[in-house]
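Heads up: the structure comes next, in structure tokens.
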Amino acid sequence: MSENIIYRSSNIEDLSKILTLKKKLYEEGYAGVPDAQEAISFVADMYQQYYVDGNCVHYLAESNNGEIVSCAGAFSTKMVHIPHLVGLISDVYTMPQHRNQGLATKLIKSCVDWLKQRVNVVYIYPSQSSKSIFERLEFKSSALMYRIL
Ligand SMILES: CC(C)(COP(=O)(O)OP(=O)(O)OC[C@H]1O[C@@H](n2cnc3c(N)ncnc32)[C@H](O)[C@@H]1OP(=O)(O)O)[C@@H](O)C(=O)NCCC(=O)NCCS
């Protein structure tokens, strides 16, 4: 596709469009979430607060007509078992017709650069289709254990 793509970081006004892409991510089966709309409602207020506090940014790829066609989010956050802030990458999604052109890779790299200024470790829960992207960007697998309750 010879279309021009514009890359930029997000601001709080982009949040509703970002959440629309996040909903599509869940609808494609990410994390086995059964109700995408419920999942979006669950995080919407939380995301507002992350933006207000400056602990989150999304990197966006926009097409000619101003549509956001790919996004990736970086969060600086707490985990109860780690005594310092850690990084999370989330909301990695590319619209189907824009895939395999390097958009997600570029946006994830921007997330990593943003996080490098703030934390010294970054976590991601990859999907099957994103795993190889993260491996190429030197992400390692960890031995996370879980039990369904
Ligand atoms: C996973 C996903 C985000 C990847 O988005 P994308 O923009 O297509 O990602 P990229 O283009 O950077 O990389 C995808 C593949 O295209 C390849 N690629 C990159 N640039 C390319 C180019 N110019 N030409 C051809 N292929 C290219 C990459 O090497 C990669 O190959 P791989 O799958 O063998 O590793 C997208 O498929 C998606 O939204 N999937 C559904 C939701 C999902 O799983 N999200 C991830 C949650 S962690």
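Remarks
- Filter result (near the ligand (Cβ under 9 Å from one of its atoms) and within 14 Å of SER16 (Cα to Cα)) within the stretch 73-101: ASP91
- The stretch 122-149: number of residues that are outside any loop (DSSP other than H, G, I, E, B) and within 16 Å of HIS58 (Cα to Cα): 2
- Residue count, the stretch 6-42 (criterion: out of contact with any helix residue (DSSP H, G or I) (no Cβ under 7 Å at 6 or more places or on another chain) and either within 15 Å of the ligand (Cβ to nearest atom) or under 18 Å from GLN97 (Cα atoms) (or both)): 12
- Given (1) more than 19 Å from TYR7 (Cα to Cα); (2) at pLDDT 95 or above; (3) of a type outside the set (Gly, Ala, Ser), index of the condition MET79 fails: (2)
- Residue within the stretch 109-121 that is within 12 Å of the ligand (Cβ to nearest atom), buried (at least 17 other Cβ atoms within 10 Å of the Cβ) and among the aliphatic types (A, V, I, L, M) present: no
The values are calculated or read from the model by the stated rules, or taken from the named source; none is laboratory data. Just so you know, these numbers come straight off a predicted model, no measurement behind them. Using ideal geometry, Cβ is built from the backbone for each residue, glycine included, and neighbour counts are taken over all protein chains shown.
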